[in-house]
Amino acid sequence: MSENPPAPAPSAERDPKAPGGLTLKGTSVAPGLVLGVVHLKDYELEHAPRQRVPLEQVERELNRFHKALSIARKQIEDLKARLQGKVPSDHVRILDTHGAYLKDTVFLSDVENLIINEQMGLEAAIGKVIADFDRIFRLVKSEALRERAVDLRDVGIRVLRNLEREGVDEQAPEPPRDYVLVARELSIVDMFNLANEHVLGILTEQGGLTSHAAILARSMRIPTLTGIAGLIEKVREGDFVIVDAAEGIVRVNPDEVVRAQYRQSAREREAPPPQEEAPAWARRAARTNDGQSIAVSATCGNLPEVDQATSLNMQGIGLYRTELLYLLEREQPSVEALTAHYGAVLEHSGGQPVTFRLLHADSSLDVPYLHEGRELNPALGRAGVRVLLSREQVLRRQLQAILRAPRPSPDVRVRIAVPFVTDCGDLRRVKEVLFEERYALRRSGVAFQEHVDLGAIVETPAAAIGARDLAREADFLVVSLDALQQYVLAADRENAAHKQLFESVHPFVLRTLIQIVEVCEQAGRPLSIFGVTAVQPANLPFLLGAGLRHVCVAPVALKDFLAHLGRIDLRQARRAATLAARATCVAETQTLVDGYRHGYARPE
């Protein structure tokens, strides 16, 4: 899934003569690339026929209702069994909500009363009850109630679709077995046909990115786009479509040349099956040339990256960036959506430890419930823990979700890293909020994790200077080298004019790192480091020579990292780091870098 915020207003381009066909644009719910034919499911509850039945047919309608309910319950149980082990268990439990609605006494009695007292046909009664609930729930400004409205609507449509099958001629043409679903609204019932075979891809005009249907679409890895303006009017049954959900586009009826190009691209994008053994290079221990073991964990920002880290046998998720769900929609994600997402991360981590970095968003990201507008200098404004403490409800919701996230095993270790820390006051306030959220969950009887480690990310000069005090206050420290170097040097790392300052670790930054390593060793606190500059071949020997023994690496960069690591002689690295820390300018360090590079020990 893309980590960039979606375009604010999806649009469509019509050029039927273009080789690529009609192009429609939407917002990505779950990434991926699929090609297939369209199957339309444009069911509107309000369009259910409002016919009445004679008095003598009332009992028949009631029997039809209970038969359809029974079939729907069996379908949901079959679907749960089919999904077990394929998606996180917490996501499978979403279907329990649908099962509960099929037994809900209010829903059942309301439908039965309309049939008995008003002699309303079954389809009309279901449509009216669901539509009434829908209107009431959607008028209330509550995410939980709006989600209930969507779930109840799904249940109603499932029952109605079962009723539709009663009169279907067995000789009638079947819809395509594998198809791209096109619907007005994203819903769980439409993600699977009534035989519970999931679709190739999903295209809808409406549907929330954090809804239960969206969560399942991501877990099932069904390429899904929503927010496609005018979709139902522009796509017909049987149209051939190419869904590139990573890019947020759909091509309708492209020519054969374009289809062939996308088929080749789809084959290239196919991931290896989950059961495939890790490649040989990933199965080797992470060691220097002279045999020193180095802990290598992953930096991730979405579930596919977590899956990749697990498949490569990485030592847990050293830093999970939690910004994605906050950037997908204009409204704050619900605690249920956050809990489900963090639970999925824990489940996909393969039982390895996970460190969740709390939301780190400055005003340049345009998150409306965090900032009223863009600050003059976003990078030095309210970001990380600063904005979380000023918007405490956002902090509380995220902490509660991490505490509530189900672990696949009680042994799975969970840690919380606090970003943009200035001093111990930031950590103490987060600790207080964490304690209060634990207490509230305990009183409410909700299951949660009693203990999580709380650590600080060292990225501001103040945090680096006060590392000794932070090490006493925190359970662990994590160095964000990119940010620390930027702030220590007062230079924007995105500015090409300052490129030379970031080609190697600055000697003054290296001195700071050596002090932080000494502080953590004396305090007995775990220390890790992450960042693009941390895994650069030019910097790695100096970081290891400074005493760092735990590096967080993006899964995609792991192979190159291990190759460079295997060429490093730690004794030479210590000597080089000592000399580099004595340097007085970056040019002197660069000379040492060049000298060390030519002195690399040859890999075995």
Any residue in the range 30-58 that is over 15 Å from L186 (Cβ atoms) and in a strand (DSSP E or B) sitting within a Cβ distance under 7 Å of a residue that is at pLDDT below 80 and acidic (D, E)? List the pairs, counting only those 6 or more apart or interchain. G36/D178
Would you point out the residue of the range 450-483, among those that are modelled with pLDDT under 95 and surrounded by fewer than 18 Cβ atoms within 10 Å (Cβ to Cβ), that is nearest to A379 (Cα to Cα)? D482
Of (1) under 22 Å from V556 (Cβ atoms); (2) out of contact with any strand residue (DSSP E or B) (no Cβ under 9 Å at 6 or more places or on another chain); (3) not in a loop (DSSP other than H, G, I, E, B), S364 satisfies all except one. Which? (1)
What do you reckon, is L562 part of a helix (DSSP H, G or I) and either crowded, with 19+ Cβ neighbours inside 10 Å or touching a Cys at 6+ places or on another chain (Cβ under 6 Å) (or both)? yes
How many residues, within the range 566-600, are modelled with pLDDT under 85 and touching a Phe, Trp or Tyr at 6+ places or on another chain (Cβ under 6 Å)? 0
From the residues in the range 279-323 that are part of a loop (DSSP other than H, G, I, E, B) and modelled with pLDDT under 90, which one is surrounded by the most Cβ atoms within 10 Å (Cβ to Cβ)? N302
Inspect the range 535-545 for any residue being farther than 18 Å from L570 by Cα, over 27 Å from the mean Cα position of the chain (by Cα), part of a helix (DSSP H, G or I) and at pLDDT 95 or above and give the result as yes or no. no
For R511, all conditions in the list (1) crowded, with 20+ Cβ neighbours inside 10 Å; (2) modelled with pLDDT of 80 or more; (3) over 27 Å from G301 (Cα atoms) hold save one; what is the number of the exception? (1)
Only one of (1) among the small types (G, A, S); (2) closer than 28 Å to G531 by Cβ; (3) free of Cβ contacts under 8 Å to residues at least 40 places away in the same chain fails for G445. Which number is that? (2)
Limited to the range 407-435, what total is found for residues that are in a helix (DSSP H, G or I) and touching a residue at least 12 places away in the same chain (Cβ under 8 Å)? 9
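For the range 521-534, which residues satisfy the criterion of being farther than 11 Å from Q485 by Cβ, part of a helix (DSSP H, G or I) and either in contact with a Cys (Cβ under 9 Å, 6 or more places away or on another chain) or not acidic (D, E) (or both)?
Q522, A523
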Taking the criterion of being closer than 22 Å to L592 by Cβ, in contact (Cβ under 8 Å) with a residue 12 or more places away in the chain and not small (G, A, S), would at least one residue in the range 460-479 satisfy it? yes
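The values are calculated or read from the model by the stated rules, or taken from the named source; none is laboratory data. Bear in mind the structure is a predicted one, so any value in this text is a computation, not a measurement. Every residue, glycine as well, gets a Cβ built from its backbone with ideal geometry; the counts of neighbours run over all protein chains shown.
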